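Here the structure comes first, spelled out in structure tokens, and everything after it is commentary.
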Amino acid sequence: MTIQWFPGHMAKARRQVTEKLKLVDIVIELVDARIPLSSRNPMIEEIIGQKPRLVLLNKADMADTNRTNQWIAYFKEQGITALAVNAQAGKGLQVIVQAAKEILKDKFDRMKSRGMRPRAIRAMIVGIPNVGKSTLINRLAKKNIAKTGNTPGVTKAQQWIKVGKELELLDTPGILWPKFEDPKVGYKLALTGAIKDTILNLQDIAVYGLRFLAEHYPERLEERYGLEEISEEVVDSFDKIGAKRGCLMAGGEVNYDKTSEIIVRDIRNVQLGPMTFDFIGEAEKDSE
Ligand code: G4P
């Protein structure tokens with residue numbers, strides 16, 4: 001998967017989402033439960049305007065359950081329904097239709113009172129690359145829909161996928177882009193696999209990951225790498241992990257690139273356990 005970060009590309013993506021918005025009653029915004037804030041497009045409110053929205057915190061299996069619940073409560077305070085799901089295993093999906101019906105109840109009641117025939121709710125999925133949009137669409141469709149959404153220039157006719165009798169879903173998701181001018185957001189996106197390592201410096205990503213773990217999940221560092229703490233000189237920790245994992249160069253020196261790769265891969269593949277990198281406090285700071 002490649003992401004191009006040109007403003008022109010973003011403008012095009014935005015136009016495509018705006019076009020499709022006209023066709024639907026509700027937007028299903030998919031975010032990564034590990035980074036419910038950093039995996040959102042910061043302009044989402046502006047892009048979707050008044051359109052009703054359901055937020056799905058996907059990959060809930062990889063996130064810290066306590067924090068996921070805190071995020072759901074946070075969204076609720078903002079008047080937004082959010083649900084934790086695991087698109088890969090198909091967990092939590094059965095409540096999506098119910099939640100969409102509740103959000104749209106007034107609109108559909110009004111349509112009914114005007115004598116309009118009842119119809120299925122029309123929805124589209126939006127989200128940044130890699131949050132699980134295709135996985136979710138395939139799960140809901142109960143079949144494999146070709147993934148064309150991430151390939152610029154590939155267009156095909158929009159198709160509606162029936163999800164039971166009450167929901168119809170556009171088969172191509174709206175692709176948004178994350179904002180990663182803040183290096184911290186970039187590191188979190190890299191540690192969760194939303195962006196490639198090559199966009200940022202691998203060692204910087206690993207250092208961020210280690211420091212984050214030391215602050216929030218220190219016991220896991222000890223379990224996995226035998227580290228009791230991360231010293232001020234983070235290089236000492238790299239030396240220990242590198243030596244323990246056999247990342248040595250000829251002459252016995254630790255290969256920091258290889259060690260960084262292991263650390264990043266371990267975090268990304270949940271080898272250090274489920275964790276959440278975004279905190280509610282950060283969202284509140286942003287909205288001040
Ligand atoms: P996108 O359309 O938004 O770009 O994302 P996509 O569905 O391609 O999903 C990206 C990766 O995330 C896939 O893994 C997918 O299997 C995984 N994924 C999606 N939802 C979940 C979830 O709820 N939990 C977990 N653990 N993983 C999820 P991949 O390694 O790129 O491919 P593959 O492993 O499916 O072959």
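State which residue is surrounded by the fewest Cβ atoms within 10 Å (Cβ to Cβ) when the search covers only the stretch 67-77 and only residues that are away from the ligand (no atom under 14 Å from the Cβ) and not hydrophobic (A, V, I, L, M, F, W, C).
GLU77
State yes or no: is ALA13 in a loop (DSSP other than H, G, I, E, B) and under 18 Å from the mean Cα position of the chain (by Cα)?
Criteria not met by ALA13.
As an exercise: evaluate ALA84 against (1) over 30 Å from ARG220 (Cβ atoms); (2) surrounded by 17 or more Cβ atoms within 10 Å (Cβ to Cβ); (3) of a type in the set (A, V, I, L, M); (4) out of contact with any Lys or Arg (no Cβ under 8 Å at 6 or more places or on another chain) and give the number of the one condition it does not meet.
(1)
Would you please list the contacts, defined by Cβ atoms under 9 Å and residues six or more apart or on different chains, that run from a residue in the stretch 122-141 that is in a helix (DSSP H, G or I) to a residue that is of a type in the set (Asp, Glu) and more than 8 Å from the ligand (Cβ to nearest atom)?
The qualifying pairs are ILE137/ASP171; ALA141/ASP171.
Among the numbered criteria (1) within 19 Å of the chain's Cα centre (by Cα); (2) touching a residue at least 24 places away in the same chain (Cβ under 8 Å), which one does ASN69 miss?
Evaluating ASN69 over (1) within 19 Å of the chain's Cα centre (by Cα); (2) touching a residue at least 24 places away in the same chain (Cβ under 8 Å) leaves (2) as the failure.
Out of all the residues in the stretch 87-105, which are within 26 Å of ARG220 (Cβ to Cβ) and among the small types (Gly, Ala, Ser)?
ALA87, ALA89, GLY92
Please go through the stretch 233-265 and give me each residue that is within 15 Å of ALA214 (Cα to Cα) and under 26 Å from the mean Cα position of the chain (by Cα), ordered by number.
ILE263, VAL264
When the residues of the stretch 22-43 are narrowed to those that are among the aliphatic types (A, V, I, L, M) and surrounded by fewer than 18 Cβ atoms within 10 Å (Cβ to Cβ), which ends up farthest from PHE180 (Cα to Cα)?
LEU23
Within the stretch 78-120, work out how many residues are more than 16 Å from the ligand (Cβ to nearest atom), part of a loop (DSSP other than H, G, I, E, B) and either more than 16 Å from LEU54 (Cβ to Cβ) or among the acidic types (Asp, Glu) (or both).
Adding up the residues that qualify gives 6.
Select from the stretch 25-51 the residues that are assigned to a helix (DSSP H, G or I) and touching a residue at least 24 places away in the same chain (Cβ under 8 Å) and list them in ascending order.
ILE44, ILE47, ILE48
Condition first: at pLDDT 90 or above and not aromatic (Phe, Trp, Tyr). Now tell me which residues in the stretch 145-163 satisfy that.
If the condition is that a residue be at pLDDT 90 or above and not aromatic (Phe, Trp, Tyr), then ILE161, LYS162, VAL163 are the ones that fit.
In the stretch 44-66, what residues are within 16 Å of the ligand (Cβ to nearest atom) and more than 21 Å from LEU176 (Cα to Cα)?
ASP61, MET62, ALA63, ASP64, THR65
The values are calculated or read from the model by the stated rules, or taken from the named source; none is laboratory data. Given the structure is predicted, the values throughout are model-derived calculations rather than measurements. Don't worry about glycine lacking a Cβ; one is built from the backbone with ideal geometry, like all the others, and counts go over all protein chains shown.
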